[in-house]
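Worksheet: one structure, shown below.
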Amino acid sequence: MTTQDRTRHSERARVQETMGIAAFLRSRRAALDPGAVGLPPAPNPRRVPGLRREEVAQLAGISVDYYIRIEQGRAQGISGSVLDAVARALRLNDDERAYLRNMAAPPGTQPGTAPVVRPEIQRLLDAMGEAVPAFVVGPGLDYLAWNPLGARLAFDVAALPPERRNAALLVFLHPGSRALHPDWDRVAAETAAALRSEAGRHPCHPRVKGVVAELLAESAEFRALWEDQEVRETMSGRKLIRHPEAGDLDVAYETFRLATDDTQTLCTYTADPGSPTETALRRLAAAEA
């Protein structure tokens, strides 16, 4: 095995470890204060923070051996009731519960074809183009389709090579990312948490694994956030973008999972009526026409 092959093998192993159920459950155990979940003080000082495995098993009402096998990824066919009990014991939120269920599910088959956006969805994007920046995001946070205003909202997506049209790669690796996002730390944390949610929903998808592997290799900031094991799908909110032509844009975003293909999400951005951002977006749309 060559040095390059060994590096690739080590990288794949690291991706599998950080995307696995073991690292996630360990991190959630470590985040909990035993006193906050009703456990009495331990007779001996704890060498590591958080709950012990036997304490999680006690709170979940399952045997210690069974919980250990779950955490090590060795348990097969875990029932929904057991997963719910573990989730309650670890005080998981809704996104974390979904991630746990996804990671515990039997592995699926890897997709054999690239995702395709239906023509009807592209027509919808185009129809919104005069005032609403919009695009479709696929597995691994790839940009799959957009309207002209969506392509220019931040990065010039259409001008990028296809393999670089990815929200996570742009946030962490594009040299202009911090200038575009004045609140870059928050955007980066949300992006890493969203990518982990994607990894839970599509654990066998090669594009998801590829994006995670590249970011782990190239971005120290991403590595730190990824190891936090945060899982979050932020379906709506606000974003501040410092556009090089339109100036500061304060936009609200909404995301909608497509019913015909749950691997694809429609993302839209709007401005408050009468706001400077609304005026700036209309100017930008006119320049794109």
Note down the nm distance, to one decimal, between modelled labels 7 Å out along Cα→Cβ at V48 and at R164. 4.0 nm
Spelling it out for H243: with amide H atoms placed in the peptide plane at 1.01 Å from N, the residues 5 or more places away or on another chain with amide H under 5 Å from its amide H are D248, L249
Which shape class applies to region 141-211: rounded if a/c is under 1.5, otherwise prolate when a/b exceeds b/c and oblate if not, where a ≥ b ≥ c are the square roots of the Cα gyration tensor eigenvalues? oblate
With a 1.4 Å probe and all protein chains kept in place, how much accessible area does F172 have, in Å² rounded to the nearest 10? 20 Å²
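How large is the accessible surface per residue of the chain, computed with a 1.4 Å probe and reported in Å² as a whole number?
Working: 14660 Å² over 289 residues.
Counting only protein heavy atoms, the per-residue value for the chain is 51 Å².
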Under a 5 Å amide H to amide H cut-off, with H placed in plane at 1.01 Å, what residues pair with R52 once short-range neighbours are removed? none
Which of T268, T279, T255 moves most in a GNM of the chain, Cα contacts under 10 Å? T279
For region 150-156, take each phi angle, set θ = phi - 60°, evaluate the Karplus expression 6.51 cos²θ - 1.76 cosθ + 1.60, and give the result in whole Hz per residue in order, putting x for glycine and proline. x, 5, 10, 4, 9, 7, 7
I need the phi-derived Karplus couplings for region 233-245: 6.51 cos²θ - 1.76 cosθ + 1.60, θ = phi - 60°, integer Hz, Gly and Pro marked x. 9, 8, 7, 7, x, 10, 9, 9, 10, 9, 6, x, 10
A 1.4 Å probe over the protein heavy atoms gives region 124-238 a carbon and sulfur accessible-area percentage of 55 percent
So which helices of the chain fit the span-like rule, where a helix is a whole DSSP H run, its Cα atoms reach 20 Å or more along the axis, and its mean Kyte-Doolittle is at least 1.0? none
For A145, list long-range residues whose amide hydrogen, built 1.01 Å from N in the peptide plane, is under 5 Å from its own amide hydrogen. V136
Using a simple spin-label model with points 7 Å from Cα along the Cα→Cβ vector, what separation in nm is obtained for A114 and D228? 3.4 nm
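Return the equivalent ellipsoid semi-axes of region 131-289 as a descending list in whole Å, where each equals the square root of 5 times an eigenvalue of the C-alpha gyration tensor.
Three semi-axes, in Å: 26, 17, 15.
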Report the extension gain between R283 and D65 in nm, rounded to one decimal, defined as 0.36 nm multiplied by the number of residues separating them, less their alpha carbon distance. 72.2 nm
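The values are calculated or read from the model by the stated rules, or taken from the named source; none is laboratory data. Everything quoted here is computed from the prediction, not taken from an experiment. FYI the Cβ positions are ideal-geometry reconstructions off the backbone, even for glycines, and counts take in every protein chain you see. Heads up: the accessible areas ignore ligands, DNA and RNA and are worked out on the full protein's heavy atoms, side chains in. Shrake-Rupley method; radii C 1.70, N 1.55, O 1.52, S 1.80 Å.
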